[in-house]
């Protein structure tokens, strides 16, 4: 029987530390797993109806800000800010195995030192680089593609449905660009929102649904008028004989069009 786990460690009598899908929760589980012994532990984000093999035992964990901060401080102090950034971005990925990837990477990183990111030929390093790059690319695209609409109460509301958890990465950019506005960005996949108060900064809020946003305030009449004007403009400048759907999808993938005007989704 092959007892070798795909993450590169022996799965016999492995203790799996289960955590929530957040940076603090992942870091907390890593702290506890590390204290238990890196040769026989693993860290995973809990999933509905997940079952472990008979060679594995489960330990449930919950986020502890103090323990998470110890992990973060160790990474930044003993490795580098670059390593810390890559790890945090990887934790925002939608990859179901990201917690285990981060754990295996950090075990190797603390042995290797600050140069760990140069070893892209290493599987553990490459996994983190790939996840971090996916998150960074998607966040960059949403800076260009996100669309705000004005609600009747004057708040600017933007909806997104990203693959990765990138809403928090958009906060600083729009806090700077829309500093004097009240706005929010709602991730409808995760029911997670960034809320910005004019000239006062932003906060993060969990558990906010799209239905709650619609009850919060309807779209303003001026917004309705602008949307109608945009649709007219879109139809007026379109040249049917020069329509290139493949090029449109290359420049603006369908993944980003869900909350744009219907004409932009064709």
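A single member of 200, 221, 227 is outside the structural domain of residue 20 (by TED's automatic domain parsing) and closer than 22 Å to residue 161 by Cβ, and it is 227. Report yes if residue 158 is farther than 20 Å from residue 23 by Cβ and in a strand (DSSP E or B), otherwise no. Criteria met by residue 158. The residues of region 174-193 that are within 24 Å of residue 93 (Cβ to Cβ) and not in a helix (DSSP H, G or I), listed by number, are 184, 185, 186, 187, 188, 189, 190, 191, 192, 193. Pick from region 16-59 the residues that are part of a strand (DSSP E or B) and touching a helix residue (DSSP H, G or I) at 6+ places or on another chain (Cβ under 6 Å): which of them is surrounded by the most Cβ atoms within 10 Å (Cβ to Cβ)? Top of the filtered list is 43.
Is it true that residue 152 is within 12 Å of the chain's Cα centre (by Cα), in contact (Cβ under 8 Å) with a residue 60 or more places away in the chain and surrounded by fewer than 16 Cβ atoms within 10 Å (Cβ to Cβ)? No: the conditions fail for residue 152. Answer with yes or no whether residue 171 is part of a strand (DSSP E or B) and in the same structural domain as residue 212 (by TED's automatic domain parsing). So residue 171 fails the test. Considering 62, 74, the condition of being at pLDDT 95 or above and part of a loop (DSSP other than H, G, I, E, B) is satisfied by 62 alone.
Condition check ((1) exposed (fewer than 14 other Cβ atoms within 10 Å of the Cβ); (2) within 22 Å of the chain's Cα centre (by Cα); (3) assigned to a helix (DSSP H, G or I)) across all residues:
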site: 67; (1), (2), (3): no, yes, yes
site: 90; (1), (2), (3): no, yes, yes
site: 115; (1), (2), (3): yes, no, yes
site: 121; (1), (2), (3): yes, no, no
site: 128; (1), (2), (3): no, yes, yes
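Residue-level check: of (1) modelled with pLDDT of 95 or more; (2) not in a strand (DSSP E or B), residue 196 misses just (2).
The values are calculated or read from the model by the stated rules, or taken from the named source; none is laboratory data. Nothing here was measured: the structure is a model prediction, and the numbers come from that model. Here Cβ is always computed from backbone atoms with ideal geometry, including for glycine, and neighbour counts include all displayed protein chains.
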